[in-house]
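Below is one structure; the comments refer to it alone.
Every number in this text was worked out from the coordinates using simple rules, so none of it is lab data. These numbers come from a predicted model, not from an experiment. Here Cβ is always computed from backbone atoms with ideal geometry, including for glycine, and neighbour counts include all displayed protein chains.
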Amino acid sequence: MSAVMIDVRDLVQRIGTQEILRGFSIPVIKGETLVLLGRSGGGKSVFLRHLIGLMKPISGQILVEGVDITHFTERQLEAVRRKIGMVFQDGALFDSMSVFENVAFPLRERGERNEAVIARKVDETLALVNMTGHEKKMPVNLSGGMRKRVALARAIVSPPEVILYDEPTAGLDPIVSDSINRLIRRMQRQLAVTSIVVTHDMVSCYHVADRVALLNAGRVYFYGTTEELKQSEDPVIRDFVDGRSDEAE
Amino acid sequence: MNVLSAIAAVFSAFCAYLGQVGGLAGETVSSVFAGRIRFGLVLRQISHIGFGSQMVVIVTGAFTGAVFTAQTYFQFARLNMESAVGPVVSVAMCRELGPVLTGLMVAGRVGAAMSAELGTMKVTQQIDALRALAVHPVDYLVVPRALAMLISVPLLVGECIFFGMLAAYLVATKVLGVGSAYYMMNMYKFTDAKDIYMGVIKGFVFAIIIVFVSCREGLHARDGAVGVGRATTEAVVIGSLSVLIANFFLTMFLNIFFPAGISG
């Protein structure tokens, strides 16, 4: 029996009058990569934000290693957030800092004062995401793919147990997308992290997923392996996987 | 009934706003007492807020002192009271003009920059990124700005007062022909340390108002660039008006402890 790292139970969230999550439940197995599929605006990113307490649910539970974090204060959440790294959709890099300073930020904040150690760890992490040589650049001078790589470097420089990826390949060309997918896989192999990848990119899904969940109408509509997803005859799943809409031409 | 409910809604929104500003101030104080102070960031903010605001504060103080001296002289000359210009200008600069002008200039220059910077960080998810990295935004963003403001604004008030009085002296003695000895003697006679205390205390209070209003506006910005623009405008408007309103009440309150006039 595989250990559950994060267990989400009956999560309900409403934004304005729209109910985004309607009893969303899903287990995240330790060491695996879970890909969460769903249509744009369907609540995938909202779900991700709940996992590190950036949003509070109306009801439901989020158990991280068996501890319910939904009622944690901002200060209590800090311990949880040290275990979970997040790569935001647009990177969310600190635009007043260089690439080096962005990646060094978590190290400095966790008390590392030795500049030689900081420089070595930042260099190693940037090498891991193929960003060596860009240390002095400012985020505004980076392409979308580079920003995501730096954001990933910032998330893993102080190695987390879980990495959350919010649309890691959105807006990127197929080659850069492929390199990001390989990077996600490499992170899992080299750092043995648990990953949750929110996407609607099927190529990315097949590349990185150990398990797949499909979010539909605020609930988990499908949960299984990529093989089970491919073989499913369910029309909702097939429409999403094959990219079919009901619109007439 | 509609009028009453509208008044109730405005009052409720005002109380909610005060609650948010007060809550932010409370969190900041608790962070400071818990020792969550990043001294490097405090120094950087002092450089930005204090050092960077000097020119605007000096020019404002000096030219206000100069023009106030000229106007006072024009009126007092009709009563042959030219030598009273010094104390009038110096007391006014210490008690009212120095702190208020500094407050308004800082609200405009620093308050706008703070709310724009924090607002941009908010709408581009940089504040969420801070939180995701287990860094409390109040510790990282608000505490350094609050401490820097508390250190810088009273010093800027002192600077504004000094340059206002210097300009007043130069205009009165070199341009308008008031005797230097009379000017200085009367200024010393009627200006007291309590006048300077009052100005500096006001500077502290204005610093608190400006930093928490500006940070609150920035941290609550939403709706992209338009929201950042709105937050910046509101930070300047609310900050400036609060300085002016608070100044009246501070004057009335502080006058109990530091009464105007000769202390004897």
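Please list, in chain and number order, the residues 5+ apart from A:Ile163 or on another chain whose amide H is under 5 Å from its amide H, with Hs placed from the backbone.
A:Gly85, A:Thr194, A:Ser195, A:Ile196
May I ask you to list the lysines whose Cα is less than 16 Å away from that of B:Lys189, ignoring any residue fewer than eight positions away on the same chain?
Within the straight-line cut-off, B:Lys189 pairs with nothing.
Expressed as a whole percent, how much of the Cα-Cα distance distribution for the stretch B:177-264 exceeds 23 Å?
Within the stretch B:177-264, distances greater than 23 Å cover 47 percent of Cα pairs.
For chain A, what does the convex hull of the Cα positions come to per residue, in cubic angstrom?
So the per-residue hull volume is 149 Å³.
How large is the dipole of the stretch B:83-154 about the Cα centre if only Lys and Arg carry +1 and Asp and Glu carry -1, each at its Cβ, rounded to the nearest 20 debye?
Computed charge dipole of the stretch B:83-154: roughly 40 debye.
For B:Val237, project a label point 7 Å along Cα to C-beta. Then give me every residue of the stretch B:106-142 with its amide nitrogen under 20 Å of that point.
It comes to B:106-120, nothing else.
Grab the beta carbon distance between A:Asn114 and B:Phe33, set R0 = 25 Å, and tell me the FRET efficiency rounded to 0.05.
Efficiency computed from Cβ-Cβ geometry: 0.30.
Between B:Ala16 and B:Asn255, how many nm apart are label points set 7 Å from Cα along the C-beta direction?
Once both label points are built, they end up 3.7 nm from each other.
Quick check: Cα centre of the stretch B:222-264 to Cα centre of the stretch B:59-112, how many Å?
Taking the Cα centre of the stretch B:59-112 as reference, the centre of the stretch B:222-264 is 18 Å away.
Please get the size of the charge dipole for the stretch A:2-58, origin at its Cα centre, with Cβ charges of +1 on Lys and Arg and -1 on Asp and Glu, quoted in debye to the nearest 20.
160 debye
Mind checking which of B:Ala62, A:Val129, B:Leu244 is farthest towards the positive end of the protein assembly as shown's charge dipole, using Cβ charges of +1 (Lys, Arg) and -1 (Asp, Glu) about the Cα centre?
Positive-end residue among those listed: B:Ala62.
So, R0 is 25 Å and r is the distance between the beta-carbons of A:Lys83 and A:Gln231; what FRET efficiency does that work out to, to 0.05? Could you put the intermediate results ahead of the total?
Numbers: r = 35 Å, r/R0 = 1.39.
The value I calculate is 0.10.
If the cut-off is 18 Å between C-alpha atoms, which aspartates and glutamates fall inside it for B:Lys202, apart from same-chain ones fewer than 8 positions away?
Cross-link targets: B:Glu96, B:Glu159, B:Asp192.
A:Asp90 to A:Arg39: FRET efficiency via 1/(1 + (r/R0)^6), r the Cβ-Cβ distance, R0 22 Å, to the nearest 0.05?
My answer for the efficiency is 0.65.
Note down, for the stretch B:3-42, the three equivalent ellipsoid semi-axes (square root of 5 times each alpha carbon gyration tensor eigenvalue), biggest first, whole angstrom.
With the √(5λ) rule applied to the stretch B:3-42, the semi-axes are 35, 9, 4 Å.
Hey, got the dipole for the protein assembly as shown? About the Cα centre, +1 on K and R Cβ, -1 on D and E Cβ, debye to the nearest 20?
Result for the protein assembly as shown is approximately 1200 debye, rounded to the nearest 20.
Equivalent ellipsoid semi-axes for chain B, as square roots of 5 times the alpha carbon gyration tensor eigenvalues: give them largest first, rounded to whole Å.
39, 20, 17
So what's the convex hull volume per residue for the Cα atoms of the stretch A:63-113, in Å³?
Hull volume over Cα atoms, normalised by residue count, gives 114 Å³.
List every residue whose amide H lies under 5 Å from the amide H of A:Val129, counting only residues 5 or more places away in sequence or on a different chain, with H placed 1.01 Å from N in the peptide plane.
Those qualifying (amide H under 5 Å, at least 5 residues apart or on another chain) number zero.
Grab the DSSP H runs of chain A that are 4 residues or longer, score each as -39,500 (n - 2.57), total them, divide by all residues and round the 222 nm result to the nearest 500 deg cm²/dmol.
The per-residue figure over chain A is -11500 deg cm²/dmol.
Take the Cα coordinates of the stretch A:148-249, assign each an equal point scatterer, and use the Debye formula without solvent to give log10 I(q)/I(0) at q = 0.13 Å⁻¹.
Evaluating at q = 0.13 Å⁻¹ gives log10 I(q)/I(0) of -0.52.
Just to compare against my own numbers: the Cα pair-distance distribution for the stretch A:52-153, 5 Å bins, whole % per bin, please.
The percentages, shortest bin first, are 2, 12, 20, 19, 16, 13, 11, 7, 2, 0.
Give the distance, in whole Å, between the Cα centre of the stretch A:48-85 and the Cα centre of the stretch B:137-215.
47 Å
Quick one: which of A:Lys83/A:Lys148; A:Lys44/A:Lys148; A:Lys121/A:Lys148; A:Lys44/A:Lys230; A:Lys44/B:Lys122; A:Lys56/A:Lys230 span more than 24 angstrom between C-alpha atoms?
A:Lys56/A:Lys230
Sort A:205-214, A:173-182 for me by packing, meaning the mean count of neighbouring Cβ atoms within 10 Å per residue, highest on top.
Values: A:205-214: 21.3, A:173-182: 15.7.
For the peptides A:205-214, A:173-182, the packing ranking is A:205-214, A:173-182.
Using all C-alpha to C-alpha distances in the stretch B:28-162, build P(r) with 5 Å bins and read off the rounded percent in each one.
Per 5 Å bin, starting at zero, the Cα-Cα P(r) for the stretch B:28-162 comes out as 2, 10, 16, 16, 14, 11, 9, 7, 5, 4, 3, 2, 1, 0 percent.
Which of A:Ala104, A:Gly31, A:Thr17 sits farthest toward the positive end of the charge dipole of chain A, with +1 on the Cβ of Lys and Arg and -1 on the Cβ of Asp and Glu?
Most positive-ward Cα: A:Ala104.
How far apart, in nanometres, would the label points at A:Asn130 and B:Ser5 be if each is projected 7 angstrom from Cα along the Cα-to-Cβ direction?
It works out to 6.1 nm between the two label points.
For the protein assembly as shown, restrict the atom set to alpha-carbon positions and state the Rg and Dmax in Å.
Just the Cα atoms of the protein assembly as shown yield Rg and Dmax of 29.5, 102 Å.
Amide H neighbours of A:Leu11 under 5 Å, counting only residues 5+ apart in sequence or on other chains, H built in-plane at 1.01 Å?
So A:Leu11 has HN proximity to A:Gly23, A:Phe24, A:Ser25, A:Gln61.
Over all directions, how big on average is the projection of the convex hull of the alpha-carbon atoms in the stretch B:3-82, in square nanometres?
Mean orientational projected area (the stretch B:3-82, Cα hull): 11.4 nm².
Quick one: Karplus J couplings for the stretch A:216-225, per residue in order, coefficients 6.51, -1.76, 1.60, θ = phi - 60°, nearest Hz, x for Gly and Pro?
Calculated HN-Hα couplings, in order: 9, 6, x, 10, 7, 8, 9, 9, x, 8 Hz.
Got a sec to turn the phi values of the stretch B:163-179 into Karplus ³J(HN,Hα) couplings, 6.51 cos²θ - 1.76 cosθ + 1.60 with θ = phi - 60°, whole Hz, x for Gly and Pro?
My calculation for the stretch B:163-179 gives 6, x, 6, 5, 5, 4, 4, 5, 5, 5, 8, 8, 9, 9, x, 6, x Hz in order.
Give me the net charge for the shell around B:Ser180: Cβ to Cβ below 13 angstrom, other residues only, Lys and Arg +1, Asp and Glu -1. Numbers along the way, then the final one.
Details: positive: B:Lys174; negative: B:Glu82.
Summing Lys and Arg as +1 and Asp and Glu as -1 gives 0.
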